[in-house]
């Protein structure tokens, strides 16, 4: 066993993602002179903000060995309800808080079925995916809600200290999630449950309550992302967020969080979201047709996981 | 000529010699029991026979020709079939499909398949429909399906590894009848068991292993349970070595009952180590999880214990029997594992108090002499003994009054084992009450202040020091009941 090889693996395992992102940026900046400009970088950050917020919530669920497929539909439902309340006369701030509360409640609904009824997260949130979508369509009769108060537009298009508000919201939520995962007892419990639920239970950790929390948190994240999207579109669409769950899961797994739970973090998820965002952006700049973009995106996800798998298996 | 002749079998695992120059032979149509304490080498010998492991040296002669099995399939092709304690059936498939698993025709004709299955099931007197899903069978029925499967493969040698561990008395009786029938058909049966009454009931010959060596083979008709126990424990009779630390202060009394457990009470004094002895299936392996609130019903000091959280709050903590699946989160570090049961104590307004956490970890790393003494080390990279220390540290960090130790040295090497014994001794000196459940009689002798022997879901004997090794073994194996 040579020292150099061990170090090399360590480096790939720890910084491989960042290196991949940097390599991607270098390649794209040589291919397009419009890529590495301040305005384009801000543009990328704004584009990924919605996915990154959802993915941060998803990270918490996945570290706890769950999965949340309902986030896209949940985003649509909380969006139309929040917008509906605001249009109906509730002050915009309260409408947004109500939407966030609804998202948390719907996540709790998912979590209750997982934690207390023992139904697989995949199934529970698959049901949530159709239920919440149906509810959003029923609530609006299939029509978008527009004519929103100005606060929504501020959220979608405002700037603060040179950065768009959606980017600030994303950064704030990522930091919040990071703090919860790394610095609180609750976060520790999420890792423990994802790593070995039985050991966590025998250690006296309230496993069900913690699982409930992870889904509630993911629901809140999707609702927050929904407010940003509603602001961007300046309307709430009952059909918004279709397939968002897949983008979020892709960001999480490309970011190195294990689908088997117990490992990972939100920093990786940010990098994962950035890699996906940069690829999308780069291909747009290079005028790659969108059909091919999808193929490339899928290929990148497979490639990232393959590399991670090789590094992980060789380490043990 | 013997059907099987194993001579001079050696097998080492690293530094440890698991089998040393072992001879073993089988006649067609006999039941040959293989007995010995845990770690004596019974399972290893049978794994060599069944092709699971290769011997380092020695020869095997099967029906006159020398054989050397490189795989289970090869052994099965020669008619050697092992029925494992952990049953090797596919629960979601039907009985018939399981019987012919791996030997199914490419196109499965269910009529013919079921007919063949029915004939086989008759041979083991199992009256279930061949289309029944295996998951719906009882453990006893599954075992019979396994035996039928062995017969389907035209097994000449059938190895049964503690087949009655999970069976009821009537299921066991039924199994013995089938073994007898199989034997009449010319099949040789190796019967591994810790229960001497079974050995004397069904075996023709018995071979005793001790510390990887064969210490004797006897014809059952010409031996006695006492002689077998003597062979198992060896000549020197070891007595209790521990200076009792027990004080007069009673900590409380456990009352427990549950499936497979008669209602019982165990009182515990400060500094006392109560040893629990019994074979698998005696109820001994269920008692500690029950006391910790994991199924069945338990009371401590008059109030019921309904789950791990409540148990820990009341000062009772379990070191579970399987550290990989129940004790550790291998993805996490030493420190994160040690803190797991004390998260609520190590937080302030929800945030982990990193300084206190590090202090706590350091304290336990020092006290248990964890190596390497690095709180950030991943537990995956630790040796078995040190992993076990992490589980114990996690338990002790809750500052319990009562420590329940379930097989604390399983899979731990000799050196680390001695260290763990010192730790356990030290804990009793500090006034903890300990309940130690173990399948290792020597461990019980070394550590216990008294030993409760379990048989058939109840405590059948209470042994007090000085303990005699053969007395413990005689009680556990049931030789005492035979005498």
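Structural remarks
- Within this structure, residue B:384 passes the test of being surrounded by fewer than 23 Cβ atoms within 10 Å (Cβ to Cβ), more than 10 Å from every other protein chain (Cβ to nearest Cβ) and at pLDDT below 95.
- Scanning the stretch B:139-158 for residues that are assigned to a loop (DSSP other than H, G, I, E, B) and either out of contact with any helix residue (DSSP H, G or I) (no Cβ under 7 Å at 6 or more places or on another chain) or at pLDDT 90 or above (or both) yields a count of 3.
- The set of residues in the stretch A:67-123 that are in a loop (DSSP other than H, G, I, E, B) and either farther than 14 Å from residue A:226 by Cα or over 17 Å from the mean Cα position of the chain (by Cα) (or both) comprises A:67, A:68, A:69, A:88, A:89, A:90, A:91, A:116, A:117, A:118, A:119, A:120.
- Per the conditions (1) in a helix (DSSP H, G or I); (2) in contact with a helix residue (DSSP H, G or I) (Cβ under 7 Å, 6 or more places away or on another chain); (3) more than 13 Å from every other protein chain (Cβ to nearest Cβ); (4) surrounded by fewer than 21 Cβ atoms within 10 Å (Cβ to Cβ), the sole criterion not satisfied by residue A:251 is (4).
- Filter result (crowded, with 19+ Cβ neighbours inside 10 Å and without any contact (Cβ under 8 Å) to a residue 40 or more places away in the chain) within the stretch B:115-127: B:117, B:120, B:121, B:126
- Total residues in the stretch A:277-293 satisfying the condition of being assigned to a helix (DSSP H, G or I) and either modelled with pLDDT under 85 or surrounded by fewer than 12 Cβ atoms within 10 Å (Cβ to Cβ) (or both): the figure is 3.
- Residue check, residue A:271 outside any loop (DSSP other than H, G, I, E, B) and either modelled with pLDDT under 95 or farther than 26 Å from residue B:329 by Cα (or both): yes
- Qualifying residue in the stretch B:74-90 (condition: touching a residue at least 12 places away in the same chain (Cβ under 8 Å), in a loop (DSSP other than H, G, I, E, B), under 25 Å from the mean Cα position of the chain (by Cα) and surrounded by 19 or more Cβ atoms within 10 Å (Cβ to Cβ)): yes
- Odd one out for residue B:420, checked against (1) farther than 27 Å from residue B:252 by Cβ; (2) assigned to a helix (DSSP H, G or I): (1)
- Screening residue B:444 against (1) closer than 21 Å to residue B:270 by Cβ; (2) touching a residue at least 24 places away in the same chain (Cβ under 8 Å); (3) surrounded by fewer than 21 Cβ atoms within 10 Å (Cβ to Cβ) leaves a single unmet condition, (3).
- Taken together, the residues in the stretch B:312-338 that are at the interface with chain A (Cβ under 8 Å from one of its Cβ atoms) and closer than 27 Å to residue B:263 by Cα amount to 5.
- All told, residue A:218 meets the bar of being within 13 Å of the chain's Cα centre (by Cα), over 20 Å from residue A:137 (Cβ atoms) and more than 13 Å from chain B (Cβ to nearest Cβ).
- Hits in the stretch B:1-58 - residues which are buried (at least 23 other Cβ atoms within 10 Å of the Cβ), out of contact with any helix residue (DSSP H, G or I) (no Cβ under 8 Å at 6 or more places or on another chain) and in a loop (DSSP other than H, G, I, E, B): B:41
- Test: residue in the stretch A:194-214 that is assigned to a helix (DSSP H, G or I), more than 11 Å from chain B (Cβ to nearest Cβ), farther than 14 Å from residue A:64 by Cβ and touching a residue at least 12 places away in the same chain (Cβ under 8 Å): no
- Residue A:48 surrounded by 13 or more Cβ atoms within 10 Å (Cβ to Cβ), over 21 Å from residue A:166 (Cα atoms) and at pLDDT 95 or above: no
- Selected residue (criterion: farthest from residue A:270 (Cα to Cα)) from residues of the stretch A:161-193 that are surrounded by fewer than 17 Cβ atoms within 10 Å (Cβ to Cβ) and within 13 Å of chain B (Cβ to nearest Cβ): A:183
- Some residue of the stretch A:142-153 being free of Cβ contacts under 8 Å to residues at least 12 places away in the same chain, within 20 Å of residue A:225 (Cβ to Cβ) and out of contact with any strand residue (DSSP E or B) (no Cβ under 9 Å at 6 or more places or on another chain): no
- Leading residue by the ranking (surrounded by the most Cβ atoms within 10 Å (Cβ to Cβ)) among those in the stretch B:344-381 that are more than 13 Å from every other protein chain (Cβ to nearest Cβ) and touching a strand residue (DSSP E or B) at 6+ places or on another chain (Cβ under 8 Å): B:375
- Looking at the stretch B:314-410, the helices (runs of 4 or more DSSP H) lying wholly inside it that each contain 2 or more residues that are under 29 Å from the mean Cα position of the chain (by Cα) sit at B:334-338, B:384-397.
- Out of B:341, B:301, B:277, one residue alone is within 9 Å of chain A (Cβ to nearest Cβ), touching a strand residue (DSSP E or B) at 6+ places or on another chain (Cβ under 8 Å) and either within 23 Å of residue B:251 (Cβ to Cβ) or surrounded by fewer than 24 Cβ atoms within 10 Å (Cβ to Cβ) (or both). It is B:341.
- Test: residue in the stretch A:119-134 that is out of contact with any helix residue (DSSP H, G or I) (no Cβ under 7 Å at 6 or more places or on another chain) and closer than 30 Å to residue B:311 by Cα: yes
The values are calculated or read from the model by the stated rules, or taken from the named source; none is laboratory data. None of the values given here were measured: they were computed from a predicted structure. Glycine gets a Cβ as well: all are built from the backbone with ideal geometry, and neighbour counts include every protein chain shown.
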